[in-house]
Every structure is written in structure tokens, then in C-alpha cells.
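Novice: Before anything else, here's the structure in question.
The values are calculated or read from the model by the stated rules, or taken from the named source; none is laboratory data. Just so it is clear, the structure is predicted and the values come from calculations on it, not from any experiment. Here Cβ is always computed from backbone atoms with ideal geometry, including for glycine, and neighbour counts include all displayed protein chains. To get the accessible areas, we keep the full protein, side chains included, count just its heavy atoms, and leave off ligands, DNA and RNA. Shrake-Rupley method; radii C 1.70, N 1.55, O 1.52, S 1.80 Å.
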Amino acid sequence: SQTIHQWPATLVQPVGSPLSLECTVEGTSNPNLYWYRQAAGRGLQLLFYSVGIGQISSEVPQNLSASRPQDRQFILSSKKLLLSDSGFYLCAWTLGGNLNTEAFFGQGTRLTVV
Amino acid sequence: GENVEQHPSTLSVQEGDSAVIKCTYSDSASNYFPWYKQELGKRPQLIIDIRSNVGEKKDQRIAVTLNKTAKHFSLHITETQPEDSAVYFCAASPFSGSARQLTFGSGTQLTVLP
């Protein structure tokens, strides 16, 4: 069966520090991968998605970046965090290709920038 | 790109009553409309979905309706129970090239009062 792992679960970082959140998927090949951010009391904002290794599409301009070094690994990074980067970050995957199917979410990372 | 609007943002109902959450979408190419439930501190999970070739779908106490002409879809929960309390997200999925993105609504906080 497929599983998705996301870590860390919580993170407190000072302003200006770097960020690296990691997400891995098991049990499937060539998934579509996504990073979402959920601000307090708000919906899910798509940050990045990837349809393959090294292929990253950005949905919103910001000081975050994403990389996909391996088929089932998706990394969210920042060189210098801002206070506004605080939020709940969710990684998700769907079956690759032209299929509308269920999105499976990781357990999320609660990031607090202080 | 796709824009999904969701109403209401908060909804309180008495246990046993029905709850209705409505969403509209902008991209007529969207053909997949899932609903996710997110309990406090947990990851969103799919509860029901509908595709554009279907007008209505039911699963026990949950139903979703789709009006493609008007570009809106709704979630109906009957005989609500306290465990239905959660944030509910609608989403729409257009198909563009070889990528697929889920665009989420802003969420509805449903509270079922005992």
C-alpha cells in the first residue's frame, strides 16, 4: 500500500534562518507531488507541484522553493524565513498522469517563525 | 487558473439536522470535484468525490451534487453527529497539459451542537 511521510511534525525557527521540509512517498511510482500551506483559519494554498524528477511548478511568488531530487522525494526550502512563512505545511501526492484521483496528504508540519 | 469559492466559512447545526456547504468554480474544464474533511490537527482526508459526468453521488449520510452549467457543487450531510464537526474543503481539478492540480476552497468550519 502507499504511504506518505512528512517531517518534521513541528518546527520553530528564527526569522532569517533556512528551512528544509521533506516528504517521501512509498508504494507508488511517478506520483504527482504537491506542497500546500494552510494559514490559521484559512484554506489550502497550493505552493508547488511536480509531475516528475526536477520538474517544479510554482503557484505563488514567495521566498520558498521546492525540489524533487528523486521520484518519490519532495523538498520545500527557504534560504531566509520570514514571519509570514508561519503556517501548517502539507505535502500530498496523487497518481501521475492524466487521472483525476484522490490526493493523499502527509501529516503536516507546523512551522512557527519567531 | 482555477478559482474555487466556498460558503459558508463557518456553520453550526444542531445534532440531527442537515448541513449544506456550497462551492463555485471558474474553469469550465474542471471535471473532478472532491471533498475533504480535516479534523483538528490532522491531515485532510477524502470523504466523497464526483466527476463531471455525474450529477449526484451519495455515500450513507453524505451526498454531493454538481451543476456543471452553473459551475457549482454542494456537499450535503444529513443526520449530523458530533463527530462530523471538522473543517470541510471542496476542490476542483482542471486538466492542463500533462499536469493536474487540485484547487481548494477556503474551507468551512462545521460545528455540530449536541
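Novice: With a 1.4 Å probe on protein heavy atoms only, work out how much accessible surface A and B bury together, total over both chains, in Å² to the nearest 100.
Specialist: On the way: alone 6130 and 6510 Å², together 10750 Å².
That pair of chains buries around 1900 Å² in total.
Novice: Take residue A:22 and residue A:107, extend 7 Å from each Cα along the Cα→Cβ direction, and tell me the distance between the two endpoints in nm.
Specialist: Output for this residue pair reads 1.6 nm.
Novice: State the percentage of accessible surface on the protein assembly as shown attributable to carbon and sulfur atoms; use a 1.4 Å probe and exclude ligands, DNA and RNA. Before the final figure, lay out the partial values.
Specialist: Working: 5380 of 10750 Å².
Carbon and sulfur atoms account for 50 percent of the accessible area of the protein assembly as shown.
Novice: Give me the count of lysine pairs in region B:1-103 whose alpha carbons sit under 24 angstrom apart, restricted to pairs 8 or more positions apart or on different chains.
Specialist: The result is 14.
Novice: Shifting gears a bit: Heavy-atom accessible area per residue, region B:1-59, 1.4 Å probe: how many Å²? Intermediate results must be reported in sequence, preceding the final value.
Specialist: Details: 3310 Å² over 59 residues.
Value for region B:1-59: 56 Å² per residue.
Novice: Follow-up question, since we're still on this one. When the accessible area of each residue in region B:11-50 is compared between its chain alone and the complete protein assembly (1.4 Å probe; ligands, DNA and RNA ignored), which residues differ by at least 30 Å², being lower in the assembly?
Specialist: Residues of region B:11-50 that lose at least 30 Å² of accessible area once the other chains are added: B:32, B:36, B:38, B:43, B:44, B:46.
Novice: Something else now. Tell me the label-point distance for the pair residue B:26, residue B:56, using the 7 Å Cα-to-Cβ offset, in nm and rounded to one decimal.
Specialist: About 3.1 nm, to one decimal.
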